[in-house]
Amino acid sequence: MQDGFGFCGIGGAVKKLDNNPENKVFFKDVAGCDEAMQKIMEFAHFLKNPKKYEEIGAKIPKGALFVGPPGAGKTLLAKATAGESRVPFLSISGSEFVEMFVGVGASRVRKLFQEARKCEPSIIFIDEIDSIGGARGHGKFTDGNSEHETTLNQLLVEMDGFGTTSGVIVLAAINRPDILDKALLRPSRFDRQIEIDKPDIKGRDQIFQIYLKKIKLDSSPTYFSQRLAALTPGFAGAGIAKVCNEAAVIAITNDRTYVTMEHFEAAIDWIIGGLEKKNKVMRKLECRTVAYHEAGHGVAGWFLEYAEPLLKVTIAPRGTAALGFAQYIPNENLLMTKEQLFDITCMTLGGRASELSLHPADLALLYGKENIIIIGSLIYYMYIFCWGRSRLGLRMTWRSEKVGLLSFPQKDEGYERTQPYSNRTEEIIDKEVRDWVTKAYDRTLELIEEKREQVVKIAELLLEREVLHKHDLLKVLGERPFKSSEPTNYDPFTKGFQEEQQPG
Ligand SMILES: Nc1ncnc2c1ncn2[C@@H]1O[C@H](COP(=O)(O)OP(=O)(O)OP(=O)(O)O)[C@@H](O)[C@H]1O
Ligand SMILES: [Mg+2]
């Protein structure tokens, strides 16, 4: 069997580029990853002008790995490279190499490279290479099934097989390069890693602009893109595309012919917290508990210098777990200091502190699910920061002195020993975490008691309106007592909001 773009013998797994211009993707369809795009352009340039490189004696990288979290646009960028470079583009997904039969993988690899060489200059794109490129003799690939290994070995042979000036470039996408077989990363194989990360606020603004163009809006796209970028911290490109589509769907369900900010907000809330449960009637007592909890987060964040100020807080129940949530303006810096970490810990504990101190119903303990999760993740935070590293890619500038300069690989980094430190060190870490959380909780409790009146006001307002935005908090709490000395990425975005939303 063979479809229009498949190749005989590879079972149709390889897809050659769809030549229909309407389906083509170009660099203009990708935003928020300028550096990655620039690097990729170098490849496109090489494929178009190989002579120039040969003449000067430059070696062209044979392959590049696109590395990044899910939905950040790796596959999209590969498609755009295909669209821009105007050379044959052969794409296959890693999992398609290794299907059912032993030996199929290796032969598919061989055929793939044969085809690519036939139509030089060309690009091979192996999506989700994780499924074949995992380290040999490691973890899940040691199941006695050597199919992965032979496939991987064949890939290595093929990548060595063509000369450096050959016009075949191999691109591959992966979520986590650390599990990749080191042999693949050697020079003259995937010797370049192109990081495609989640976009920052400016990137999100640009990505929103791409998708907003396709939607009928009640105001200009830039009006929306800036606000939406500020409301979607942590979203990758895929999330942004989803927000836009959902907003349009919500507009239609509401019988509107254009999309408004309200629809976008509903879409974002839905994606963050799950569907709003309009029918889920919370008991009065439950509502109060949630309102006091969220008000605690909000007030703590407002009055702690290094905490992330609140963007929005709601007590509309959503999804299966969340009874409400608070959304913050996140710190997009790559370094976090001890002070910042402390304030953020306090802010996280603010919910529980407020609940227990101002609204000490028994229910508070039942509504502990979220708290437990939060405290659990705090401990995790504390661990990682003891270890000087973090899953978020943050580097802490401060480590616990008691743990010293030690830093341990995490389990999911492929390190097999579950506990790479002694019991004594574990005790030290445990104690450090406990002390840290206790100290933060005491501080938070003190703050909540001190701002008791404001917490009550916010909680009551929440009960009345269900949703509060930053400008509502501003009215009750006044200006935040701290002016950040340096402007943040968010300032230009939030400024527009305030001017407009403040009455008068
Ligand atoms: N930087 C971006 N600019 C524009 N759209 C984007 C961007 N990133 C993602 N998208 C949108 O999200 C969709 C999914 O992205 P894509 O499939 O490229 O993610 P990925 O990085 O390959 O994820 P995975 O690791 O899960 O395969 C794209 O088809 C596109 O609509
Ligand atoms: Mg992908």
Contour minus Cα-Cα span, ASN423 to ARG465, at 0.36 nm per residue, comes to 10.0 nm
For segment 201-273, the dipole about the Cα centre with charges only on Cβ (Lys and Arg +1, Asp and Glu -1), to the nearest 20 debye, works out at 320 debye
In nm, the gap between the two label points placed 7 Å beyond Cα toward Cβ at MET261 and LYS439 is 4.2 nm
Of the listed pairs LYS213/LYS312; LYS24/LYS51; LYS431/LYS457; LYS52/LYS213; LYS111/LYS198, those with alpha carbons more than 29 Å apart are LYS431/LYS457; LYS52/LYS213; LYS111/LYS198
Interchain or sequence-distant (5+) residues whose placed amide H lies within less than 5 Å of the amide H of LYS312 are GLN327
Those GluC sites (Glu not before Pro) from segment 33-100 that are DSSP loop and have at most 15 other Cβ neighbours within 10 Å turn out to be GLU99
Rg/Rh over Cα atoms for segment 201-273, Kirkwood Rh, comes to 0.92
Diffing segment 239-252: the Karplus 3J(HN,Hα) column from phi (6.51, -1.76, 1.60, θ = phi - 60°), in whole Hz with x for Gly and Pro, holds x, 5, 4, 5, 4, 5, 5, 4, 4, 5, 5, 4, 4, 5
Cβ density ranking, 10 Å radius, fewest first, applied to HIS293, HIS148 yields HIS148, HIS293
Residues meeting the amide H criterion for LEU90 (H placed from the backbone, H to H distance under 5 Å, 5 or more places apart or on another chain) are ILE123, ILE124, PHE125
In nanometres, the difference between 0.36 nm per residue of separation and the alpha-carbon distance of GLU35 and LYS51 is 3.2 nm
Going from the fewest other Cβ atoms within 10 Å to the most, one would list ARG192, ARG288 as ARG192, ARG288
Per-residue Cβ contact counts at 10 Å, fewest first, order ILE129, ILE169 as ILE169, ILE129
Residues meeting the amide H criterion for ASP191 (H placed from the backbone, H to H distance under 5 Å, 5 or more places apart or on another chain) are LYS62, GLY63
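No lab work stands behind these numbers, since they all come straight from the coordinates. As the structure is a computational prediction, the values presented were derived from the model and not from experiment. Ideal geometry is used to build each Cβ from the backbone, glycine not excepted, and the neighbour counts take in all protein chains shown.
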